[in-house]
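The values are calculated or read from the model by the stated rules, or taken from the named source; none is laboratory data. As the structure is a computational prediction, the values presented were derived from the model and not from experiment. Cβ: placed from backbone, ideal geometry, glycine included. Neighbour counts: every protein chain shown.
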Amino acid sequence: MPLTESQLADLRTLVGPEHVLTSPEDLVAYGFDGTAALRQRPEAVVLPADTAQVAACVRLASEHGIPVVTRGSGTGLSGGSVPTPGSIVLCLVRMDRILAVDPANLTLRAQCGVITAAVDAEAARHGLFYPPDPGSMKVSTIGGNVAENSGGLRGLKYGVTRDYVMGLEVVMPDGRVVRLGNACVKDVAGYSMKDLFVGSEGTLGIITEVLLRLVPRPAARRTMLATYGRMEDAARTVSDIIAARIIPCTLEFLDRVTIGCVEDHARIGLPRDCEALLLMETDGHPAAVEDEARRMLEIARARGAREVRVAADEAEAARLATARRSAFSALARVRPTTILEDVTVPRDRLAEMVAAIAETAARHRLKVGTFGHMGDGNLHPTFLTDERDAEEMARVHAALEEIVDRALALGGTITGEHGVGLAKKAWLRRQVGDASHDLMRELKRALDPRGLLNPGKILD
Amino acid sequence: MARSLRQLDYSVLQQCMHCGMCLPSCPTYDATRRERSSPRGRIALMRAVADGELAVSGVFAEEMSYCLGCLACQTACPAGVDYAQLIETARAEVLAKRPPTPSARLWRALTMRGLFLRPRLLRWAGRLLRLWQRGGLQAASRRTGLVRLLPADLRRLEPQCPFIAPRFSHQLIRPVERPRGEVRHRVALLTGCVQDLVFSAVNRDTADVLLANGCEVRTPPVQPCCGSLHAHNGETGPARELARRLIDLLPPESLDAIVSNAGGCGNHLRSYGKLLADDPAYAERARLWDSKLRDIHEWLAETGCRPPGAGLGPLTVTYHDSCHLAHGQKVVRQPRDLLRLIPGLRLVELPEANWCCGSAGIYSITQPAQSEALLRRKVGHIVATGADVLATSNPGCHLQIERGLAAAGSRIALIQPVTLLARAYRAEGASPEVSR
Ligand SMILES: Cc1cc2nc3c(=O)[nH]c(=O)nc-3n(C[C@H](O)[C@H](O)[C@H](O)COP(=O)(O)OP(=O)(O)OC[C@H]3O[C@@H](n4cnc5c(N)ncnc54)[C@H](O)[C@@H]3O)c2cc1C
């Protein structure tokens, strides 16, 4: 239902007329996020400046029963910030202030719209480190990261966004403002409410402020790149490294299709006939890093790596990392539509899962490149296709179903870091089971009884 | 080339997967934080127009005009979206669907369909302007307030008008010049329009640097405009005509390279293949032309530039990337490497070196406020480096930044990289201890 003139006038009074957008041109431009093929125009886009304005907008929306879709930078890959019909988009990019860094308690407090990379840059100014580094970190907002519980390349050693959230300020669906958690390392006062909102995808409350944990910045880093004739050998290398009690910060792999695309695009001299490429990085105290790098090299060789290159300096490290960093770009330019999935399996089933994906793709005559985080079992099978080709899209969906079933059979999850949103909603019950699914629904009802916050996401 | 978004090959639009990686690279998104002023927002608008879901409205036209066309988004884009083609097509559609105001139409007729189609006429205009600037008329008319009689647009521009060079390129460069020793390459030198009227000395410097590197240099005395101005502003017809004329003038079959020294022109010059793809008589030659087109820095780096034997004294230089050189032509490393060849020259990196300076073709005329804001930001960074010289290699950037530095009271000199190189080669002759 379109908003009435008086509702729009009220919104304009709350945030200023220039921050309420209603022209068709503006609505088109907020009709999607980073997910392929999902589009829906909102009724209006509102850009509040602070928590009070967010709360006031939510209160107004709640009085009139208008659905609210929260948006950060719109880089989500599961349709989380794609508007629901009849909704207002609350876009929080103007709330982009870093409020404080506390070097004594190793914390950083920021508004939700701060860009992820700016959080780490500010930490670096104090010799500190904010480890979660999603591939979109130069664009995504910290609020979006918390709402998706985003991961990155450093998951194995440093964990994901959740491991750094100490406190949150949240606007509830009725407009109440609550503060959850604090700067204490230990805190068992009541339910861990902040954790409820990490990964809640804008369906339970609107995160307006975050209190993040920082860690000391590692002093040294070593990067190496290995190529293998078999994916299993790369996977065994990873298991052996971990069994040797080394926890590298990065263990990233590319499969054969992805290596081929990277080579087509960037021509960095990768062997096209290898099945796997493994980028490994260890960081920490210089002496420990040296020792670990040497042992990782030995393990890779012992596991039959065809070639291992160890970077002598930062410049070479950057060159070696190019292969992994350009993986997504290389894949994305092959066909008009790129569908990036993120099924995840326990680490020791990864090679099996990669093989299953390749086999499924071949059977459905599809081009799928797989890359991802070998250290934490998080895969990104990437479908290279064309959304206008209905017949091919039907094969894509059939293949996806099989891949999801396989991942679940291996004890995995439908999404390791991109969230459920709209794109993976249909599979959620399959994964968590009826009882868990019902519990999620009850929780949603308890906090947002009228279903006004991001309705239709995660759950129907 | 498509004349409307609907005619455009849909996969060019579809190539944008709206991931948003372009957002932080876009100066207009940075200024407004509004999606529609971002590359992916603009592409979404274009796609909506192509799908028939959005009209070519005033807001649409405004947004297409607000885009700098700096192409920083093309560098950021993981999917290789051809934004240059998209924005040109969108602007052509705006021009077709929304006739400009009478005064804008007159402007366009005078410039794009008049002066910039007729190189001889353009030079005559240049001579007149020179007379006005040198003959004391400019000062007099400013003093007497006569400039107030000019139409508003012209009045705003009048103080920005560049100083016309005493002599044009054809008076400085002979049609064919041969290097001293063996001829290693045969190249053509494009002298440009603004470059020819204002920076003809830079063209001479370019020829000298080419000669010093074993190139035979062909420089036809009268050269048509490359058509970039037209293409960037939706005037597809004249752009195609100019491309054909230039190909006829400098047959690519007979040359090793066609060298451009202006970032903006160069970027357009190497897309003739696309521009003339549906012209059976020219399509093939246009592709060959593209394959031979080189930016001067790129050409020198590729063929192994000879390090000058003499320097220019201790000199700290910082380098600003022209957008179309860096983002359009992907020539980033080469100008820096060439500068480092000059003995005694210290290169310091400019923060945000590849962020647009606001010149952007005729942007300073069409969007003065945003253009000024970008210029102030650029000048602030330049001054903070403490360099003696700012090097950049596009006439638009040169004029814009020179004006900005002057307004800020800075004494940093603006010198193009080829000029620094040419001076270093000339210093070889001057210093007795260096043998040539
Ligand atoms: C090229 C690319 C690479 C990526 N790489 C990674 C990666 O390595 N790891 C990873 O985990 N993800 C990755 N992503 C996905 C995406 O960037 C993350 O999910 C990111 O956290 C989204 O942030 P955003 O600000 O863009 O949020 P949006 O996309 O705008 O929103 C995402 C969800 O969060 C909700 N939301 C946003 N802000 C708030 C808030 N303040 N309060 C409550 N809810 C909110 C929205 O309603 C929506 O459901 C990548 C995406 C792209 C395009």
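Annotations for the structure displayed:
- Single residue of A:60, A:47, A:38 found to be more than 9 Å from the ligand (Cβ to nearest atom), more than 30 Å from residue A:328 (Cα to Cα) and within 13 Å of another protein chain (Cβ to nearest Cβ): A:47
For (1) under 30 Å from residue A:334 (Cβ atoms); (2) outside any loop (DSSP other than H, G, I, E, B); (3) in contact with a Lys or Arg (Cβ under 9 Å, 6 or more places away or on another chain); (4) within 14 Å of chain A (Cβ to nearest Cβ), each residue gets a yes or a no:
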site: B:70; (1), (2), (3), (4): yes, no, no, no
site: B:75; (1), (2), (3), (4): yes, yes, yes, yes
site: B:91; (1), (2), (3), (4): yes, yes, no, no
site: B:94; (1), (2), (3), (4): no, yes, no, yes
site: B:104; (1), (2), (3), (4): no, yes, no, no
site: B:121; (1), (2), (3), (4): no, yes, no, no
site: B:131; (1), (2), (3), (4): no, yes, no, no
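- Those residues of the stretch A:190-205 which are of a type in the set (Gly, Ala, Ser), more than 12 Å from the ligand (Cβ to nearest atom) and under 17 Å from residue A:163 (Cα atoms), in sequence order: A:192
- Identity of the residue in the stretch A:63-74, hydrophobic (A, V, I, L, M, F, W, C) and part of a strand (DSSP E or B), that ends up farthest from the ligand (Cβ to nearest atom): A:68
- Here residue A:371 fulfils each of the conditions (1) more than 14 Å from chain B (Cβ to nearest Cβ); (2) in contact with a Leu (Cβ under 7 Å, 6 or more places away or on another chain); (3) under 30 Å from residue A:277 (Cβ atoms) apart from (1).
- Within the stretch A:413-460, tally of residues that are assigned to a helix (DSSP H, G or I) and more than 13 Å from the ligand (Cβ to nearest atom): 21
- Test result for residue B:54, within 9 Å of chain A (Cβ to nearest Cβ) and either more than 23 Å from residue B:359 (Cα to Cα) or not in a helix (DSSP H, G or I) (or both): yes
- Candidates in the stretch A:105-118 are the residues that are farther than 17 Å from residue A:75 by Cα and surrounded by 18 or more Cβ atoms within 10 Å (Cβ to Cβ); of these, the one that is nearest to the ligand (Cβ to nearest atom) is A:111.
- Single residue of A:347, A:303, A:324 found to be buried (at least 17 other Cβ atoms within 10 Å of the Cβ), farther than 26 Å from residue A:151 by Cα, in contact with an Asp or Glu (Cβ under 9 Å, 6 or more places away or on another chain) and touching a residue at least 40 places away in the same chain (Cβ under 8 Å): A:303
- Helices (runs of 4 or more DSSP H) completely within the stretch B:301-406 that count 1 or more residues being more than 24 Å from residue B:203 (Cα to Cα), in contact (Cβ under 8 Å) with a residue 40 or more places away in the chain and of a type in the set (Val, Ile, Thr): B:363-366, B:368-385
- Among the numbered conditions (1) touching a residue at least 24 places away in the same chain (Cβ under 8 Å); (2) not in a helix (DSSP H, G or I), the only one that residue A:59 does not meet is (2).
- Test: residue in the stretch A:333-345 that is more than 14 Å from chain B (Cβ to nearest Cβ), among the aliphatic types (A, V, I, L, M) and on the phi < 0 side of the Ramachandran plot: yes
- Residue in the stretch B:18-28 that is of a type in the set (A, V, I, L, M) and crowded, with 23+ Cβ neighbours inside 10 Å present: yes
- Residue within the stretch A:373-383 that is in contact with a Gly (Cβ under 7 Å, 6 or more places away or on another chain) and in a helix (DSSP H, G or I) present: yes
- Taking the criterion of being buried (at least 16 other Cβ atoms within 10 Å of the Cβ) and either acidic (Asp, Glu) or not in a helix (DSSP H, G or I) (or both), the residues of the stretch A:307-321 that qualify are A:308, A:310, A:311.
- Candidate set: the stretch B:26-42, residues that are assigned to a helix (DSSP H, G or I) and facing chain A (nearest Cβ under 9 Å); chosen: the one farthest from residue A:79 (Cα to Cα): B:37
- For the stretch A:211-263, a residue qualifies if it is farther than 19 Å from residue A:302 by Cβ and of a type in the set (S, T, N, Q), and the qualifying residues are A:223, A:250, A:258.
- When A:438, A:405 are checked against the criterion of being surrounded by fewer than 17 Cβ atoms within 10 Å (Cβ to Cβ) and under 24 Å from residue A:253 (Cβ atoms), a single residue qualifies: A:405.
- For residue B:171, the criteria (1) farther than 27 Å from residue B:400 by Cβ; (2) surrounded by fewer than 17 Cβ atoms within 10 Å (Cβ to Cβ); (3) touching a residue at least 24 places away in the same chain (Cβ under 8 Å) hold in every case but one, which is (1).
- Residues being assigned to a strand (DSSP E or B) and under 18 Å from residue A:320 (Cβ atoms) - total across the stretch A:256-287: 8
- Residue match in the stretch A:279-286 (condition: surrounded by fewer than 21 Cβ atoms within 10 Å (Cβ to Cβ), away from the ligand (no atom under 16 Å from the Cβ), of a type outside the set (S, T, N, Q) and over 26 Å from the mean Cα position of the chain (by Cα)): yes
Matching residues to (1) over 23 Å from residue A:421 (Cα atoms); (2) in the same structural domain as residue A:69 (by TED's automatic domain parsing); (3) surrounded by fewer than 18 Cβ atoms within 10 Å (Cβ to Cβ):
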{"site": "A:103", "(1), (2), (3)": "yes, no, yes"}
{"site": "A:120", "(1), (2), (3)": "yes, no, no"}
{"site": "A:124", "(1), (2), (3)": "yes, no, yes"}
{"site": "A:133", "(1), (2), (3)": "no, no, no"}
{"site": "A:137", "(1), (2), (3)": "no, no, no"}
{"site": "A:154", "(1), (2), (3)": "yes, no, no"}
{"site": "A:164", "(1), (2), (3)": "no, no, no"}
{"site": "A:171", "(1), (2), (3)": "no, no, no"}
{"site": "A:178", "(1), (2), (3)": "yes, no, yes"}
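- Test: residue in the stretch A:3-24 that is within 14 Å of chain B (Cβ to nearest Cβ), more than 23 Å from residue A:174 (Cα to Cα) and buried (at least 23 other Cβ atoms within 10 Å of the Cβ): no
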